[in-house]
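Notes for the one structure printed next.
Read-outs: derived from the displayed coordinates by stated rules, not from any lab. Not measured: the values here are computed from a predicted model. Here the Cβ positions follow ideal geometry from the backbone for every residue, glycine too, while neighbour counts run over all protein chains shown.
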Amino acid sequence: MTSLRPLAAIVAGLLIMLTYLLVQGAAPDTQRHERTLDAVRTVILYNAALQRDVLRARAGLLRSYDPLVRAIARLDEAMASLAAASEVASGEARVEIDRRVADVAAAVRDEETLVESFKSSNALLQNSLNYFNYTSGRLAAEGDGLRAVEIGALTIAMSRFINDPQPEAARAVAAPLDRLARPSLDMALASEVRSLVSHGRLIVTTLPAVDGLVARLQASPTSERARALQDVYLEAHGQAAARAAMFQALLYVAALVLVGYIAYLFVRLRHNAQTLKERLDFERLIASISTEFINLPRGRIRADISKGLQRLVEHAGPDGAQIAVSHTCDGNGGYAYRRPGVNTPPCPPEDILELASTWTLKDYERQGAIYVPRVSELPEGPEKTRLQAYQLRAWLGIPMSHAGERLGFLALDSVTDEKHWADDDIALLRTAAEIFANAIARERIEHEREALQARLNQSQRLEAIGTLAGGVAHEFNNILGAILGYGEMALAVLLKESRARSYVQQIMKAGARAQNVTEQILAFGRRRERHYQPLRVEPVVVETVGLLRASFPATLLVETRLAAAAASMMGDPTELQQVVMNLGTNAAQAMNNRGVLEIDLGTLESEVPLTLSHGNMPPGDYIRLTVRDTGIGMDRATMERIFEPFFTTKPAGQGTGLGLSTVHGIIAALGGAVDVKSQIGEGTTFEIYFPRIEGAAPEEDEAETVETSVHHGNGETILVVDDDTPLVRLAEEMLAALGYEPVGFDRPPAALSAFRTDPARFDLVLTDEIMPEMTGIEFSGQLHKIRQDLPIVLMTGYGRPLSSRQLKAAGISEVIRKPLLSNAIAHCLAHHLH
């Protein structure tokens, strides 16, 4: 979908333009215009009225100054209305109108000032004139002849002065006033004459000033300035009206354009609404596909993925969709769906993986996907050749990942027409790819979890059997101790040529075989203490293969491929030899001693985890030992139980079922794992993986066995503790025969009590490890607290590894294995006592 930002910018620009045209196209306010013209006319009219009333006041025709006050008030009101006259114009015209209004206001203010001065001066003048006229007339009628003549002359001169207040007329008035101001014998009229003279002189002084104010008021430019303002205002108003008409026309044109654009937007919005509906449908489809995979059983995942691809093809419009996966649980390399009627087969998954993994055309990558809307426009190269080989005209490859691991690609193609995908569609298809990737990963994880659960169950069974086997071996070692110990003592007293000696020797041989079985049981249960060292594998395998060839009949051919001359591991040569011997023997029996036994030895460097039939290995360097036969093979049920102890497919009496279980125990102890592959009638292959270490293991020359003499004691007192009473008696007899003084107990508390009574009595303690009331380590710890220099030897038949720190804390000097033989115990005692 096209971004809405350009559309929003266009709409905002149109709104701003229309607002400007609307504001500029507004016609001048008619009412304001009429008020302005009325104000100008009012100024002109009331200025004329003011001048008229001033003349009337000067002539004394006004009874009061109220007309003047009303005229001034109307002028002020008109000037207030003219304050907004410039709003009709702008720019220089507005400035000119404001200047004209200011000129009119200044003239009005000047008139107001003159009127105030006129009112004060004219009031004095009119009062004096009235008094002068009245008094002069009365004095002229009542006075004597001379006085009447003087007053008559004064009246005539004053009349002339009032009509034409010139300096000559003023001097003509001053002479009579001076004569009348002289002292007179008529005391009755003296005060009135003096008043008449005073008012006369006031008239002479005030009248010119009042006439000057009247002249200035009559010459005021208010009316001319008001008419000039009216002309400027009317011109500006006409221009504003013309400009408004022009902008109104522009506004009409803009409105037509806007209507057309709105029609375009309507069509565009309908198209976008349809696109949005399709997008919402696509999003619902993706959400629906995602919902279907929630809590979906593993068995339905593959079918639902195929169904999801079908729905994608039906909605998105390509001719086909497929998923190419590099690794799947069942070995199927992918999923595919083609639209009905499309006869072109889909690309093989391996081709899709190779094409997408080696894609080099960066110009055809979009939204993290490979986007080819037109295959024909691709540059010449392997990409175009491979796509055209499958008749594709458009192709879209979307990577699928889970937890940072690349699982494969979701590919959509079109063979009937070229195909374009929008960015939003590609983003939704990436979401669909993630959904499919999560489903495929979940299927694989659940498959691995089920396999791990099966192996865990098997390991738990083996662990339980191992625990039981360890206990059985412990008890069996006690029985073997009595058999071999008493047999050894019997051999010491029997004649070499006696038949009884031969019988006892057979008993000893059977006991030795039983001891080997015990060792196998302990190896299976991983309860035998091991001491590993760097070991070169190939020499041990070569030596063991030689032993196998010597023991096999001529009908069985052993072929080897050894390619690990310098490969080393941590291990025990005897245990590794036992693994090869047991596997080779089993293979020979599976082939009935006829066929070919292949033994391969090599190295493997893996960058990914190894998922094996019986264990997993992390990425790393490994030594791989392969034993392959051409025997009868095994079914799945047999393969699941081959490492269980005492499980065998051989007839009764021909096998113990401990061979492969011992192999499994040794391999597990060495940190390795086994991968078993077998099919009925096609043979079996065992692949054993051991962790490889750097550097060749040091070679050791086999030392020849040297017969050593038995060491005898000098009567030292040995404390013997074992919960098995017959073994206590046997140990006492063996120690007595070796020249020691044994003191035996079958209960640790009793032995501890005897030791506390006389700790210095005993020279060495020989104690069993597993006892019911107190373990050998606990018993040794109690003795060590009492006497720290006492040598303590721990006997064990259980085989589990013991902590050196724990042994040291208990004061144990050495650990020896059961069953005990005279040579071994004699050597141990001599080591600690002599």
Cα-based Rg and Dmax for the stretch 530-691, in Å, come out at 15.1, 46
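Arrange the peptides 680-686, 256-262, 761-767 so that the one whose residues have, on average, the most other Cβ atoms within 10 Å appears first. Could you put the intermediate results ahead of the total?
Values: 680-686: 17.0, 256-262: 12.4, 761-767: 21.0.
By packing density, highest mean first, the sequence is 761-767, 680-686, 256-262.
Counting pairwise Cα distances across the stretch 303-450, what percent come out greater than 20 angstrom?
On the way: 4732 of 10878 pairs.
Here the tail beyond 20 Å accounts for 44 percent of pairs.
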Computed from every Cα-Cα pair in the stretch 122-218, P(r) in 10 Å bins starting at 0 and rounded to whole percents is 16, 51, 25, 7, 1
When the charge dipole of the stretch 348-394 is computed with +1 on Lys and Arg Cβ and -1 on Asp and Glu Cβ about the Cα centre, the Cα farthest towards its positive end, among L387, A356, S376, belongs to S376
Taking a crude spin-label model, label points 7 Å out from Cα along the C-beta direction, the R561 to R70 distance in nm is 13.5
Contact order relative to length for the stretch 530-691, counting C-alpha pairs under 8 Å separated by 6 or more residues, stands in percent at 23
Taking Cα atoms only, Rg over Rh for the stretch 565-643 with Rh from the Kirkwood formula is 0.99
The set of residues whose placed amide H lies less than 5 Å from the amide H of A336, leaving out same-chain residues fewer than 5 positions away, is I323
Note to self: Kirkwood Rh of the stretch 329-388, Cα pairs, one decimal, Å, is 13.4
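Could you rank the peptides 154-166, 32-44 by their average count of other C-beta atoms within 10 Å per residue, with the highest value first?
Sorting 154-166, 32-44 by mean packing, highest first, produces 32-44, 154-166.
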For T560, the residues 5 or more places away or on another chain with a placed amide H closer than 5 Å to its own amide H are I599
Applied in sequence order to the stretch 433-446, the curve 6.51 cos²θ - 1.76 cosθ + 1.60 (Karplus, θ = phi - 60°) yields integer Hz couplings, x standing for Gly and Pro, of 4, 5, 4, 5, 4, 5, 5, 5, 5, 5, 4, 5, 5, 5
The ³J(HN,Hα) series, computed from each phi in the stretch 761-775 with the Karplus coefficients 6.51, -1.76 and 1.60 at θ = phi - 60°, rounded to the nearest Hz and given as x for glycine or proline, is 5, 9, 9, 7, 10, 10, 10, 6, 7, 9, 9, x, 7, 7, 5
Filtered hits (aspartates and glutamates, Cα-Cα < 20 Å from K785, offset >= 8 within chain) -> D758, D763, D768, E769, E773, E814
Residue-ordered couplings for the stretch 785-791, obtained by feeding phi - 60° into the Karplus form 6.51 cos²θ - 1.76 cosθ + 1.60 and rounding to whole Hz (Gly and Pro as x), are 5, 7, 9, 7, 8, 7, x
Plugging the Cβ-Cβ distance of V815 and I632 into 1/(1 + (r/R0)^6) at R0 = 35 Å yields, to the nearest 0.05, a FRET efficiency of 0.20
Bounding extents of the stretch 717-833 in its principal axis frame from Cα atoms, largest first in Å, are 33, 32, 27
Sorted on mean Cβ neighbours within 10 Å (highest first), peptides 174-182, 778-786 come out as 778-786, 174-182
Cα-based Rg and Dmax for the stretch 195-295, in Å, come out at 41.5, 131
The answer for E365, listing residues at least 5 apart or on another chain whose modeled amide H is closer than 5 Å to its amide H, is Y371
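For a 26 Å ceiling on Cα separation, which of these pairs sit above it: K307/K419; K307/K677; K277/K419; K509/K808; K277/K307? Each step should come with its number before you reach the end.
Working: K307/K419 22 Å; K307/K677 35 Å; K277/K419 20 Å; K509/K808 36 Å; K277/K307 23 Å.
From the list (K307/K419; K307/K677; K277/K419; K509/K808; K277/K307), the Cα-Cα distance tops 26 Å for K307/K677; K509/K808.
Which value, in nm² and rounded to one decimal, describes the direction-averaged projected area of the C-alpha convex hull of the stretch 253-364?
That works out to 11.9 nm², a quarter of the Cα hull's surface.
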